[in-house]
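Encoded as structure tokens, the structure appears first; notes follow it.
Values quoted throughout were computed directly from the atomic coordinates according to the rules given, and no laboratory measurement underlies them. None of the values given here were measured: they were computed from a predicted structure. Cβ sites come from the backbone with ideal geometry, for glycine too, and all protein chains shown count toward neighbours.
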Amino acid sequence: MKLIKKLNRNYIAYSFLCLIIAGIVIYYSISIVVSIQLEEKLKNSTLQIETMLKQGEEINYLPSLVEVSKISAANLPPLYSDTVIYNNYEDEYEEYRQLSKTVHANGQHYLITVRESKIESEDLAITLVVVIFLTLILFTGSLVFLSRKVMVKIWAPFYQNLKTIKQFSVKDHFPVQLKQTNIQEFDELNEVLSLLTTKISDDYRSLKQFTEDASHEIQTPLAIITAKLEALIDDSELSTQQTETIRSVFNSVRRLSRLNQGLVLLTKIENNQFVDSKILSVNLLIEEKLQDFHELLELKEIQAETLVKAELMLETNPVLADIVINNLFSNSVNHNSPKGKIQINILKEQLEICNSGEAPIRNSERLFARFYKENSSSKSVGLGLAIVNKICEVQGWQVDYRFEAGMHCFRIQFSPQK
Amino acid sequence: MKLLIIEDETELSAVIDSYLSKNGYICEQVTNLTEAMEKVAIYNYDLLLLDIGLPDGNGLELMKAIKKVHAKTGVIILSAKNSLDDKVTGLDLGADDYMTKPFQLSELNSRIKAVLRRHHFEGSSKLQFNEFTLDTESKTASVKTNTLSLTRKEYDLLLFFLVNKNRVLTKEVIAEHLWGDHIDAADNFDFIYTHINNLRKKIVKEGGTDYVKTIYGMGYKFTDL
């Protein structure tokens, strides 16, 4: 929910609560004032009647509103009470407030009861409450509306800066340009963000530099070792034992350089250094790969089958796509059973590469981890699937593994194309 | 054939020099960009082996210079940076090939030959060895007058052998040349044996001599010595 919306929602909720409370308070206070007024009026009426009685004047009875009756003897305090009287004309009961008072005049005790209809006073109270209430609602409403207008204006530079930051990429060589807001908090935030993004860009650049330097520094000595060993191998004056040793050193060096290249590649993928993308056909890539591996499959007596259900087009970096397919494919060749099978399924947004195997992977959750080896004696570098996993992560694809009907299956779910 | 090796690691350039000299190339070595610029200005080279990460500048500078003066000079970039940008820039500027360190000398030799062939420095696209003739343009091979019906990889293998004749090629190097990075280092390379045997059979069937010698514990050597 947007901040403005949330604030407004809170405003409205609180205003509503306040309005209800205010309404109740107003209603009761007006009722009290009105009833005090009413009682005052009743008191005046009784006083008037009392005076008239004492002067021996005739009292005009007004049924239900003024009643005067003679009583034997009593000296009760004046009593206010509510009563309901049936109205003949309107055929309904009406509420009255009454004041009863005993009066001693000319040797006679009287009971005076004066009544006043409460309907009028109630109507007055309600009218007042409604008018005040409506004024309050109008007031709150315009406040909410105004605050929204003001807030949109205040937050506008914030949203603009947010947009700028969203477009920030570590690969940019210039720091983010944030707009001045003249609001202290926002400007402080901008300052921090500018610092952070500058630092991130710098770190990214030095990291990139480091990976390149590291690879450079390691590859060159490796190149020297490899070249010298190769020259040595050519020397036919070596004993069998020496050749064995040299070959073993040679292969270890090759492994080391593969390992280094793999790690450098992983860092590059992590750093999002493969950015150019183009539209390519996975079907075509698979075909090429099958062509490439044709002799190898034949020599290893591996049967490869492709099931094409759809033309799978991807908009992605061609190098990354090739690495993913190549690693999965060579994986399925290298870890196949003797005279095994490879089954490739190309679906609408899915690629599945399966190969024969005896048993499921024991630690399948660690299968995509760096340097994971199912067989510890294996001389594999253990980076192929880690690279596949990293590429999928960066590209937003899903890769998973399952063992089904004697087949190791790797499936990639490509994200839906826009 | 005259080659200029521009590489700041003298150890590496020395071993490349001695390897290529054995193959009949005349090699010269320089260690920095300034020297390289001077050499290139004075002499004519058929091919440059160019390391782009030089102490006094980027080797790509030299690429631009050389392509203006001697457009026919072949250039193979040797780089420790397996950087796609450099590769693309290098090839765009007119480099013939790009190799990432570390590389196999036999592989380098193959690439040099391929570049020289492409520039027709060696007369034609045909490669001759005793009774073998390989046409690198049509990618066909023949023994005497009989055409060998080879698969693409078998042809590549024969070409690799011919280019690196009299040299020991390990199974790993052969496998990597043919399948590039597709081959996992962990794999055992016994299938190379089958592959080579198929090639041998085809050669013998068409009346050729089997020059492939097995070097025990090492690999293979294509030799008529």
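Couple of notes before you dig in:
- Remark on chain B: ratio of C-alpha radius of gyration to 2.2 N^0.38 Å is 1.07.
- Result for chain B in a Gaussian network model with C-alpha springs under 10 Å: among B:VAL88, B:VAL168, B:VAL115, the largest mean-square fluctuation is at B:VAL88.
- Per the Cα gyration tensor, the protein assembly as shown maps to an equivalent ellipsoid with semi-axes of 101, 30, 20 Å, ordered largest to smallest.
- Bridge type composition, chain B - antiparallel percent by DSSP, nearest 5: 55
- Within straight-line cross-link reach of A:LYS149, lysines at Cα separation under 20 Å, skipping those fewer than 8 residues along the same chain: A:LYS2, A:LYS5, A:LYS6
- Cα-centred dipole magnitude for the stretch A:40-191, charges only on beta-carbon of K, R (+1) and D, E (-1), debye, nearest 20: 880
- Cα-based Rg of the stretch A:74-224 normalised by 2.2 N^0.38 Å, two decimals: 2.79
- Partner lysines whose Cα lies under 21 Å from the Cα of B:LYS64, excluding those fewer than 8 positions away in the same chain, are identified as B:LYS2, B:LYS39, B:LYS72, B:LYS81, B:LYS87.
- In terms of overall dimensions, the C-alpha atoms belonging to the stretch A:52-159 reach 90, 32, 21 Å along their principal axes, ordered largest to smallest.
- Rounded if a/c under 1.5, otherwise prolate or oblate - the stretch A:278-413, Cα gyration tensor axes: oblate
- Taking a ≥ b ≥ c as the square roots of the eigenvalues of the Cα gyration tensor, an a/c ratio below 1.5 marks the stretch B:2-118 as rounded.
- Mean ellipticity per residue at 222 nm, deg cm²/dmol - from DSSP H runs of n ≥ 4 across chain A, formula -39500 (n - 2.57): -20000 deg cm²/dmol
- Its relative contact order, with pairs defined as Cα atoms under 8 Å and 6+ residues apart, puts chain B at 13 percent.
- Viscosity 1.306 mPa s, temperature 10 °C, Stokes-Einstein D of the stretch A:184-270 from Kirkwood C-alpha radius, µm²/s: 97
- Once the Cα atoms are used to define both axes, helix A:3-54 deviates from the longest principal axis of chain A by about 10 degrees.
- In a simple Cβ point-charge model (Lys, Arg +1; Asp, Glu -1; nothing else charged), chain B has a dipole of about 1080 debye relative to its Cα centre.
- Computed from Cα positions, the angle between helix A:118-166 and the longest principal axis of chain A comes to roughly 20 degrees.
- 17 Å Cα-Cα reach of A:LYS153 towards aspartates and glutamates, excluding residues that sit fewer than 8 places from it in its own chain: A:GLU185, A:ASP187
- Selected from A:SER121, A:GLN37, A:GLN180, residue furthest toward positive end of dipole (chain A; charges at beta carbon): A:GLN180
- With an a/c value of 1.5 or above and a/b larger than b/c for the gyration tensor axes a ≥ b ≥ c computed over the alpha-carbon atoms, the stretch B:126-222 is described as prolate.
- Calculated P(r) tail over 25 Å for the stretch B:51-166, as whole % of Cα pairs: 34
- Chain A: angle of helix A:240-270 to the longest principal axis, Cα-based, in degrees nearest 10: 30
- Given charges at Cβ of Lys, Arg, Asp, Glu: the protein assembly as shown dipole, positive-most of A:ILE286, A:SER248, A:VAL319: A:SER248
- Between A:ASN327, A:ASN60, A:ASN271, the residue with the greatest mean-square fluctuation in the GNM of chain A (Cα pairs under 10 Å linked by springs) is A:ASN60.
- Charge dipole of the protein assembly as shown (Cα centre as origin; +1 on each Lys and Arg Cβ, -1 on each Asp and Glu Cβ, all else neutral): 1080 debye, rounded to the nearest 20.
- Projecting the Cα atoms of B:PRO102, A:LEU195, A:PHE145 onto the charge dipole of the protein assembly as shown (Cβ charges, centred on the Cα centre) puts B:PRO102 farthest toward the positive pole.
- A:TYR89 versus A:LYS41: modelled label distance in nm, points set 7 Å from Cα along the beta carbon direction: 1.6
- The Cα-based radius of gyration of the stretch A:233-316, divided by its Kirkwood radius, gives an Rg/Rh of 1.17.
- Database note for chain A: Cys without another Cys beta carbon under 4.7 angstrom, A:CYS18, A:CYS392.
- Highest-MSF residue in chain A out of A:LEU17, A:LEU314, A:LEU280 [GNM, Cα springs under 10 Å]: A:LEU17
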